[in-house]
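Data first, discussion second: the structure below is written as structure tokens.
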Amino acid sequence: MKSYDGKKRVLVTGGAGFLGSHLCERLLASGHDVLCVDNFYTGTKDNIAHLLDSPRFELMRHDVTFPLYVEVDEIYNLACPASPVHYQFDPVQTTKTSVHGAINMLGLAKRVKAKILQASTSEVYGDPKVHPQAEDYWGHVNPIGMRSCYDEGKRCAETLFFDYLRQHKLRIKVARIFNTYGPRMHPNDGRVVSNFIMQALKGEPITVYGEGIQTRSFCYVDDLVESLVRLMATSDDFTGPVNVGNPKEFSIRELAERVVALTGSRSKLVFKPLPSDDPMQRQPDITVAHRVLEWQPKVELEEGLRKTVAYFQTLMRP
Ligand SMILES: NC(=O)c1ccc[n+]([C@@H]2O[C@H](COP(=O)([O-])OP(=O)(O)OC[C@H]3O[C@@H](n4cnc5c(N)ncnc54)[C@H](O)[C@@H]3O)[C@@H](O)[C@H]2O)c1
């Protein structure tokens, strides 16, 4: 694997979001110039406020559904609302962000000969019939459901990345990100980790959908960011798609119980009907990431949850 040396001008779209803000931080710490582009749809200035003093950090309010003209060496394309409450709020805009956003960022990469990485998702596998999911699985996706704006938008973005590779010889990288959690997640985004922590901290009932036997794997944000940086640094002949996430599975019920224990909350679990298209199982096969990126998650769920709980506690302070 190539070493990640030398200062570069790096564009992070969606840089004021949860993952993007940690990625900006990491790239700055590695000595690069970072241009953070965001329309603040789900991201906030608070997420990157601590970076604004750095002379190597630049913030630009811009919507990736419109073309962007800047000079950069590398592009991490993260712009897209990622949680169901946010991406279903304006589903047409969600598809536009994934598809037009990809076209615009690929167009930029082509113009300035930049290397470009797409933040794709495990949702491209839909409700998988194969378990765990390896990259050669084509998925089981509903094209007309409530989640389709996100799933199909991301699938189309992957198509565009590979067509730009075949047609224009672009240097592309596609990461299929599985559930990630950590500080700066949105407290009210309806995702399972943030939901459970907020409910536990407020002493409210913990809402578990179905019987809570559906499983998820949870990757801590620092591990995830490391995988993206390593993927970007791979040689040009490696494009992915590559799964990045934590293969260790936990049932939703187990997660709820851990959160209750960690917060010392008196909250009780309540069970509600499963939403449509909610996958029963989701677990990455990270063999490729392990082999090519020499990467695997290091942070244990307990440690990651503790840091995330501490972040949510600061948000709740008056
Ligand atoms: N967090 C996860 O578990 C996870 C899992 C799979 C994939 N991903 C992908 O990673 C990326 C980042 O996810 P996140 O969890 O940080 O979500 P997030 O919502 O916190 O971040 C997304 C960022 O994109 C910005 N954005 C949205 N639409 C935009 C537009 N049209 N133009 C410019 N900026 C726009 C938002 O304001 C926000 O800052 C997304 O592409 C998401 O699909 C995340």
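If only residues of the range 103-146 that are under 20 Å from VAL92 (Cα atoms) and touching a Leu at 6+ places or on another chain (Cβ under 7 Å) are counted, the one that is least open to solvent (accessible area, probe 1.4 Å) is ALA119. Annotation: TYR209 fulfils all but one of (1) within 16 Å of the ligand (Cβ to nearest atom); (2) more than 15 Å from the chain's Cα centre (by Cα); the unmet one is (1). Of all positions in the range 120-135, at least one carries a residue that is within 19 Å of GLY15 (Cα to Cα) and either away from the ligand (no atom under 13 Å from the Cβ) or within 21 Å of the chain's Cα centre (by Cα) (or both).
Results for (1) β-branched (Val, Ile, Thr); (2) farther than 27 Å from PHE178 by Cβ, shown as yes or no for each residue.
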site	(1), (2)
THR42	yes, no
THR65	yes, no
ASP73	no, yes
ALA102	no, no
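Taken over the range 62-97, the criterion of being more than 8 Å from the ligand (Cβ to nearest atom) and small (Gly, Ala, Ser) is satisfied by no residue. Can you tell me how many residues in the range 165-183 are surrounded by fewer than 21 Cβ atoms within 10 Å (Cβ to Cβ), in contact (Cβ under 8 Å) with a residue 12 or more places away in the chain and not aliphatic (A, V, I, L, M)? So the answer is 4. Pairs meeting the criteria (first residue in the range 32-47 and at positive phi, second residue assigned to a loop (DSSP other than H, G, I, E, B) and near the ligand (Cβ under 9 Å from one of its atoms), beta carbons under 9 Å, at least 6 apart or on different chains) are PHE40/ALA16.
Residues of the range 83-102 that are open to solvent by 20 Å² or more (accessible area, probe 1.4 Å) and either under 17 Å from the mean Cα position of the chain (by Cα) or within 11 Å of ALA157 (Cα to Cα) (or both): PRO84, VAL85, HIS86, GLN88, THR95, LYS96, VAL99, HIS100.
If you go through the range 138-158 and keep only what is more than 16 Å from the ligand (Cβ to nearest atom) and without any contact (Cβ under 8 Å) to a residue 60 or more places away in the chain, you end up with TRP138, HIS140, PRO143, ILE144. Would it be correct to say that LYS154 is surrounded by fewer than 18 Cβ atoms within 10 Å (Cβ to Cβ), closer than 24 Å to LEU108 by Cα and of a type in the set (Lys, Arg)? So LYS154 fails the test.
Taken over the range 153-206, residues that are under 22 Å from SER122 (Cα atoms) and not in a loop (DSSP other than H, G, I, E, B) amount to 26. Each residue in the range 12-61 was checked for being buried (at least 17 other Cβ atoms within 10 Å of the Cβ), in a loop (DSSP other than H, G, I, E, B) and within 13 Å of the ligand (Cβ to nearest atom), and 8 pass.
The values are calculated or read from the model by the stated rules, or taken from the named source; none is laboratory data. Small disclaimer: the values here were computed from a predicted structure and weren't measured. Please note: Cβ atoms are built from the backbone with ideal geometry, for glycine as well, and neighbour counts cover all protein chains shown. The area values use the complete protein model at the heavy-atom level, side chains included, leaving out ligands, DNA and RNA. Shrake-Rupley method; radii C 1.70, N 1.55, O 1.52, S 1.80 Å.
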